[in-house]
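J.: Got a structure for you, questions after.
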Amino acid sequence: MTTPQIEIQIIASLVAIACAIPGVFLVLRKMAMISDAISHAILPGIVVGFLITQSLNSPFLIILAALTGLLTVVLVELINKTKLVKEDAAIGLVFPALFSIGVIIISRNVSNIHIDTDAVLMGELAFAPFNRLVISGVDIGPQNAWVMAVILLINLTFTVVFFKELKLSTFDKGLAASLGFAPAFLNYVLMGTVSVTTVGAFDAVGAILVVALMIAPASAAYLLTDELKKMIWISVLIGVFAAISGYWLARFLDASISGSMATMCGIIFLAVFIVSPQRGLLSILIRKRRQKIEFAQMTLVIHLFNHSGNNDDIEERRIDHLNKHLAWDKPFSDKLLHLSLKSNIIEINNDVIEITAKGLQFVRAAENLVSSKYHPEFETLRKEFIIFTD
Amino acid sequence: MEFYNFFIDLFTDYTTQTIGLGTAVLGLMSGVLGVYAILRKQSLLGDAVAHSALPGIALAFLITGTKNTLIIFAGAAFAGWLATFWIGAIIKNTRIKSDAALAIVLSVFFGFGLVLLTFIQRIENANQAGLETYLFGQAATLLQQDVVTMAMIALFSLIVVVLLWKEFKLFSFDEQYAKTLGFNTRFLDFAINTLIVLAIVIGLQTVGVILMSALLIAPAAAARQWTNRLSGVVVLSALFGILSGVVGTGISSVGNNLSTGPVIVLVSIVIVLISFIFAPKRGWLAKLIGKQKNRQSLAVSKLLEGLYETCRAHQNVKHQHSLNIIKALPGYNKKTLLVLKNDGLIEFTTDMEWCLTDKGLFKAKNHSGNGGAK
């Protein structure tokens, strides 16, 4: 690997970590689309800031653009308060307006602004290493890396210092407010860090990847754990992995780096979505199937128990009866019988199913379980309300 | 002046007519279907679908090698549908909420679209130039055959909306009720979603994938402010859509090198702002006036009450009091006094003394009897 390659991967990883941390809170607060809105809406701030400072990395530009991001949040809340449209429509009106203004300013000042609209969307990560930060004649690395490192430090400090407050206001806003934690103020600070992160990352990786890196790793982590701290760690890891693997995918395809990173985010999320041990699609499907069979097995043995020992009931115990009476189709009932035979709760003689001693044991245990819910108060209730008791 | 020329061209110049017609068709369709997107609280789904169309466009081109409008539309619609499907699957099967599902699908599809776009740039010859116009839209690239295709799709969609008017209305306002009445809500959901995807797809060439969702939301959000009737909202929204499309294209054709998308979107947002401010009943101005009127009528009753108390305090209710007493009463200003005078509740003598008329006394008595009394 050459030095620029390593530097690109370092910058990408810094962006990924800086995005993943606020992203977790956005996902948990159901505000993910705000990141999309901010990432579009900061454009006019960046353009105006660039017209003034002529540099994409000046702190003034970052602050101006971050303020535009906050303006988005304020405008959305303002429109919400009028109750003229629903919240999602408010978001959908504000950011296209600001983004359009940005695009128009760019196209009106083509000669003054060296940002083209492609760079807005994709960033120019490949060129990031060429923009060096030189302090008193010493080259200390790419400017982008330092900007992202500072932003990462801000995010980290904010999250560590206000961890308790963030956690509480995320999960129980009402309680946080009543305990005096000022969740509304905290929300604005969080939105501020989202804006600053978006602006800082924007130059390197473009508007769209910021959204992907904020929301996809955090959502994947949300499917893997129930603990906030673990969720942050996992989304940081996923983000870094997506960034680095995305870089190599881009090199392999000779295509947009940030696009490839977003694609990797999607692939990782898809993988987690399918195979996550507790909440993945596969485990949900398997669980549903197992529950269906288990329930059918219970129904079967209780059915047999109700009709056992009496020769008149022999019709009820025939194999083909399952299809007619219990409305199980043939493949399902065959599979059910096979599994039940295997677990030794039934036996079959001449197409008649009999419950085994083990099956009986199971039914009795089930009965005990139901009657163990016996409660004196329940008994009086039963006597009061249910007339036909024996 | 140049903008004026655009409108002259609209009636005389063939190319301008084509473009104007195209944007009008687009505005009409997104205006009509936007209403349903807004009613179903799916404004941001449009955003996700529009962004997600990009890889569909790129793949359609990559596979067929042509820029035929219908093929590009098909690719975009397929990708948009896939995105809708994935978003639905995430929301249905996991605890991830719709906002995160939208953000993931939107950014990932769009990112993949960018990969394909840069990939195409490197492997193909110059023939592919123009796919980038799908990012921000360029009305100038509209050809007559494109407009015909758009018009066909729009016509089909409008026919469906008219035929399923009752069903769509019920389904958009009360999905559960529609279900209990035995309507096939799955089909209706599919139908509306498909039409919304189509509305977005036909706008991609003119407005672009990034901003198309705004053209879906804005006319409907504006129209919603003016009336409460669905038919009224749909017609008005269609008109606003057409207006945004045509005026936006006009402005962008005047300013050189201006992408059409942002201009059309800004025009539509201006219409939204005007509606927010000036719409009767719901608008900001109407509410302000309503508040002011309320305050004024409260002040009038308060003043009348004060006058009545003053009169009653005197042995003779018809005693002529001096004007200065009025000025000290709560609710007094020139307008409230004028209202009382014009309604014939108070009369003035020549030396500017006053007393309540019989009508005034009667009204004040009733008024204080109806909860006005302390």
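J.: Being within 10 Å of chain A (Cβ to nearest Cβ), at pLDDT 90 or above and in a helix (DSSP H, G or I) narrows it down to one of B:90, B:96, so name that one.
T.: Details: B:96 fails: in a helix (DSSP H, G or I).
One residue alone meets the criteria, B:90.
J.: Picking from B:135, B:131, which residue would you name as being closer than 29 Å to residue B:254 by Cα, within 14 Å of another protein chain (Cβ to nearest Cβ) and outside any helix (DSSP H, G or I)? I'd like the intermediate steps shown before the answer.
T.: Values: B:135 fails: outside any helix (DSSP H, G or I).
One residue alone meets the criteria, B:131.
J.: Going through region A:243-267 one residue at a time, which ones are among the aliphatic types (A, V, I, L, M) and within 10 Å of chain B (Cβ to nearest Cβ)?
T.: To start, the set of residues in region A:243-267 that are among the aliphatic types (A, V, I, L, M) comprises A:243-244, A:249-250, A:253, A:255, A:257, A:261-262, A:264, A:267.
Result: A:249, A:250, A:253, A:255, A:257, A:261, A:262, A:264, A:267.
J.: Please specify each residue of region B:71-83 satisfying the condition of being touching a Ser or Thr at 6+ places or on another chain (Cβ under 8 Å) and either buried (at least 24 other Cβ atoms within 10 Å of the Cβ) or β-branched (Val, Ile, Thr) (or both).
T.: Result: B:71, B:79, B:80, B:83.
J.: Let me ask another. Answer yes or no as to whether residue B:61 is modelled with pLDDT under 90, within 29 Å of residue B:161 (Cβ to Cβ) and more than 9 Å from every other protein chain (Cβ to nearest Cβ). Even if it seems obvious, please write down each step before you answer.
T.: Numbers: modelled with pLDDT under 90: yes; within 29 Å of residue B:161 (Cβ to Cβ): no; more than 9 Å from every other protein chain (Cβ to nearest Cβ): yes.
Spelling it out, it is not the case that residue B:61 is modelled with pLDDT under 90, within 29 Å of residue B:161 (Cβ to Cβ) and more than 9 Å from every other protein chain (Cβ to nearest Cβ).
J.: Every residue in region A:26-56 that is over 26 Å from residue B:102 (Cβ atoms) and either crowded, with 23+ Cβ neighbours inside 10 Å or in contact (Cβ under 8 Å) with a residue 40 or more places away in the chain (or both), please.
T.: Step one: list which residues in region A:26-56 are over 26 Å from residue B:102 (Cβ atoms), which gives A:47-56.
Selection gives A:47, A:48, A:49, A:50, A:51, A:56.
J.: Out of all the residues in region A:82-96, is one or more away from chain B (no Cβ under 14 Å) and touching a residue at least 40 places away in the same chain (Cβ under 8 Å)? Spell out the reasoning first.
T.: Step one: filter region A:82-96 for residues away from chain B (no Cβ under 14 Å), giving none.
No, region A:82-96 contains no residue that is away from chain B (no Cβ under 14 Å) and touching a residue at least 40 places away in the same chain (Cβ under 8 Å).
J.: Does residue B:32 meet the test of being more than 10 Å from every other protein chain (Cβ to nearest Cβ) and closer than 24 Å to residue A:96 by Cβ? Walk me through it before giving the result.
T.: Details: more than 10 Å from every other protein chain (Cβ to nearest Cβ): yes; closer than 24 Å to residue A:96 by Cβ: yes.
Yes; evaluated as a whole, the condition is true for this residue.
J.: Which one is farthest from the other protein chains (Cβ to nearest Cβ), of the residues in region A:48-74 that are at pLDDT 85 or above and touching a Phe, Trp or Tyr at 6+ places or on another chain (Cβ under 9 Å)?
T.: A:52
J.: With the requirement that a residue be among the small types (Gly, Ala, Ser) and at pLDDT below 90, what does region A:170-204 give you? It would help to see each step written out before you state the result.
T.: Going through region A:170-204, the residues among the small types (Gly, Ala, Ser) turn out to be A:174, A:176-178, A:180, A:182, A:184, A:192, A:195, A:200-201, A:204.
Answer for region A:170-204, where residues must be among the small types (Gly, Ala, Ser) and at pLDDT below 90: A:174, A:176, A:177, A:178, A:180, A:182, A:184, A:200, A:201, A:204.
The values are calculated or read from the model by the stated rules, or taken from the named source; none is laboratory data. Remember, predicted model here, so these are calculated numbers, not experimental data. When we count neighbours, we look across all protein chains shown, and the Cβ atoms used for this are built from the backbone with ideal geometry, even at glycine.
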